[in-house]
Amino acid sequence: MSIDMLAVHDLGNRAVALLDELAAITDEPGRVTRLYLSPAHRRAADRMAEWMRERGLSVVEDAIGTVRGARAPDEAGPSANKRLLIGSHIDTVIDAGRYDGNLGVVAGLLVVEELARRGTKLPFGLEVLAFGDEEGVRFPTSLSSSAAVSGTYRPEWLDMADRDGVSLRKAIADFGGDPSRIREAAIPKDSVIGYVELHIEQGPVLEHKGDALGVVSSIAGQSRFRISVAGEAGHAGTVPMPLRRDAFAAFAELAVAIERLAREGTGNLVATIGRIELKPGAVNVIPASVEATLDIRAGADAPRLAAIDRIRHEAERIAGRRGVTIRFERFADAPTCPMDDSLQDLLAASVASLGEANRRLPSGAGHDAMAMARSFPSAMLFVRSKAGISHNPAEYSSPSDIGLAVEAMVRFVEKLAETHRA
């Protein structure tokens, strides 16, 4: 299939125009901040509904704030009672970029627009989803919107509150939703062909390899821990070095060991110490305690779990030699989420038809596709991110790369339609 690069560039420019308009909808003038169920989220959801209607979609907003635009099948047949889901999220982090999440929803709109323009008939329905709680910034939840759609929402989340003490239950009601009807947001498993999400990579791999697009093989499993190191405070000038039980020195040694073990690991293993606090925190006092966090991720479960065991072993060795205690408290754990093989292959074929390399790569970040994959066959397509920057105003993917990604999504839907006519 030939490629009309002018048409591809036009697709990218149309996407960017919509992204720019969304970026102007913010809770903080001068920067993009659109938290779940905030006033800006309300305005963005309303604008998204308008865009969906303009493209001929039938629009509803479910009980938890997900905007859903549906296109009916064009043909009778065995798949006429099924649908393909395309989506991502429209909430952001604080002081965000304009591509993360939003691109996936905008791409869904352009896929619908292009299918109509090209006169493409589908033997199944198509639904575009604009989720609202992927980032998990306002409330101590994440992926709750997509969890509701996949039927995996946890009711106890409703009692969680933001920093101002507003419960999720109240915020949903204030937004116009209905916490008592969240179960009704679930889509029956047997009615879904699959879910596909376009997303910026948020990492440097595609740029490093010189590829515009990549098919996601899996979403990394992750484990998070609180690390507590207990030593003994003492006078900075009077306690000899061999007699110290310095909690920070012990933690520093552990931190270096964690970095080394991550570098030695397999499966795209990464480990991050994101927060650290030491006490008593005086310039002339030996630190008595350290509290820190550890985030470990990998593209498969085995290397992540093996790394955790090795880190614990190193911690025991360091603690014994330095006369301190080191404890680990696991507070989050998610297994690796593989993407559906057949949908991956269709995405790869669509990318290859554009003359792009067949690049498969894991995602180190979490996405709505994780929640959707609990119930539906799911797939993701990554588009190249400049310098791998994300969650930052400098986040950028070029219009030409975005145009290629949207064109790949259109071709994916067309190829999927062919398989359901066979």
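The values are calculated or read from the model by the stated rules, or taken from the named source; none is laboratory data. Because the structure is predicted, anything quoted here is derived from the model rather than measured. Cβ: placed from backbone, ideal geometry, glycine included. Neighbour counts: every protein chain shown.
In table form, for the structure just shown:
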read-out	value
Of all residues making up the stretch 214-261, the number that are in a helix (DSSP H, G or I) and farther than 21 Å from Ala306 by Cα	8
Count of residues meeting criterion [assigned to a loop (DSSP other than H, G, I, E, B) and among the charged types (D, E, K, R)] in the stretch 147-189	5
Filter result for Arg71 (in contact with a Leu (Cβ under 7 Å, 6 or more places away or on another chain) and within 22 Å of Ser398 (Cα to Cα))	no
Elements of type strands (runs of 3 or more DSSP E) in the stretch 322-419, at least 3 residues being modelled with pLDDT under 95 and either crowded, with 19+ Cβ neighbours inside 10 Å or in contact with a strand residue (DSSP E or B) (Cβ under 8 Å, 6 or more places away or on another chain) (or both)	325-334, 360-363
So Ala116, is it surrounded by fewer than 18 Cβ atoms within 10 Å (Cβ to Cβ), out of contact with any Ser or Thr (no Cβ under 7 Å at 6 or more places or on another chain), among the hydrophobic types (A, V, I, L, M, F, W, C) and part of a loop (DSSP other than H, G, I, E, B)	no
Cβ-Cβ under 7 Å pairs, at least 6 apart or on other chains, the stretch 19-30 side farther than 16 Å from Arg42 by Cβ, far side in a helix (DSSP H, G or I) and modelled with pLDDT of 95 or more	Leu19/Asn102; Leu19/Leu103; Leu19/Val106
Single match in Asp62, Asp74, Asp95 (criterion: surrounded by fewer than 18 Cβ atoms within 10 Å (Cβ to Cβ), assigned by TED's automatic domain parsing to the domain that holds Leu347 and more than 18 Å from the chain's Cα centre (by Cα))	Asp74
Lone qualifier among Met409, Met370, Met380, Met339 - being more than 28 Å from Thr120 (Cα to Cα) and of a type in the set (A, V, I, L, M)	Met370
Residue in the stretch 223-238 that is free of Cβ contacts under 8 Å to residues at least 40 places away in the same chain and over 27 Å from Ala365 (Cβ atoms) present	yes
Residue within the stretch 59-68 that is in contact with a Lys or Arg (Cβ under 8 Å, 6 or more places away or on another chain), of a type in the set (Val, Ile, Thr) and without any contact (Cβ under 8 Å) to a residue 40 or more places away in the chain present	yes
